[in-house]
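**Q** Please find one structure pasted underneath; my questions will follow.
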Amino acid sequence: MTTETLAPVATPQALAKALADNPTAALEDIARAAGTTPLAVLDALPDGEVTSVTGDHMVAALDDIASWGEITFIVNTGPVILEAKAPMQGGTVARGMYNLKGKPISGHLNIDACARLAFVRRTLFSMETRSVQFYGHDGQCLFKIYLGRDENRQLIPEQIARFDALEQRLTAPTA
């Protein structure tokens, strides 16, 4: 069972100012500046930067991402930003959890805690990025998975294609 927690609501002016002041900052930093949640910031991003689907696609997304090669898995709590760069090893579902297997990325993700997945294309700290972001019912980001980079710090073209294909598959209308 999931419950929806009401998130702080920034005024449109505060959110617009925070985005304008630092448009390439992490969504969590913009949210703190605006007095709102990262999900509210995500919803305010310009057209073309984000596509969202419901959280019930979490397992399908993670299973697909497991075949992409090296990614960067990030958890940002504000005072702590944890990153692991490695291929994901997939996972299994048991007792309502998606159990990540492998090293260094392992752990247990509560499937019902995921309210939304977002496919995000934006500049972050002056670099082009693509990420799949997972949001809780309270508007906080549970974790993010960024595409890998090559030796020239460019996004890996094969991963961009996989990202685009997963986004198209999960956002396609169902019959």
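The values are calculated or read from the model by the stated rules, or taken from the named source; none is laboratory data. Being a predicted model, the structure only gives us computed values, none of them experimental. No Cβ is skipped: glycine too gets one built from the backbone with ideal geometry, and neighbour counts run over all protein chains shown. Note: areas computed on protein heavy atoms with side chains; ligands, DNA, RNA excluded. Shrake-Rupley method; radii C 1.70, N 1.55, O 1.52, S 1.80 Å.
**Q** Summarise the accessible area of the chain (1.4 Å probe, protein heavy atoms) by the percent that is carbon and sulfur.
**A** Working: 5100 of 9330 Å².
After summing per-atom areas, the C and S share lands at 55 percent.
**Q** Mind checking the log10 I(q)/I(0) for the stretch 47-175 at q = 0.15 Å⁻¹? Debye, one equal scatterer per Cα, no solvent, two decimals.
**A** Each listed q corresponds, in turn, to -0.69.
**Q** Another question about this same structure. Suppose the chain between Thr174 and Lys17 were pulled fully straight at 0.36 nm per residue; how much longer would it get relative to their current alpha carbon spacing?
**A** 52.7 nm
**Q** Mean residue ellipticity at 222 nm from the helices of the chain, using -39,500 (n - 2.57) per DSSP H segment of n ≥ 4 over the full residue count, to the nearest 500 deg cm²/dmol?
**A** On the way: 5 runs with 48 residues, N = 175.
Computed ellipticity for the chain at 222 nm equals -8000 deg cm²/dmol.
**Q** Per residue, how large is the accessible surface of the stretch 36-175? Use a 1.4 angstrom probe and give square angstrom.
**A** On the way: 7030 Å² over 140 residues.
Here the per-residue accessible area is 50 Å².
**Q** Straight-line reach from Lys103: which aspartates and glutamates have Cα under 20 Å away, leaving out those fewer than 8 places along the same chain?
**A** Asp63, Asp64, Glu70, Glu83
**Q** Sequence neighbours fewer than 8 away in the same chain don't count; with that in mind, list the lysines whose C-alpha is under 16 Å from Lys101.
**A** Reachable lysines: Lys85.
**Q** Quick one: if you stick a label point 7 Å off each Cα along the C-beta vector at Val80 and Asp150, how many nm between them?
**A** 3.6 nm
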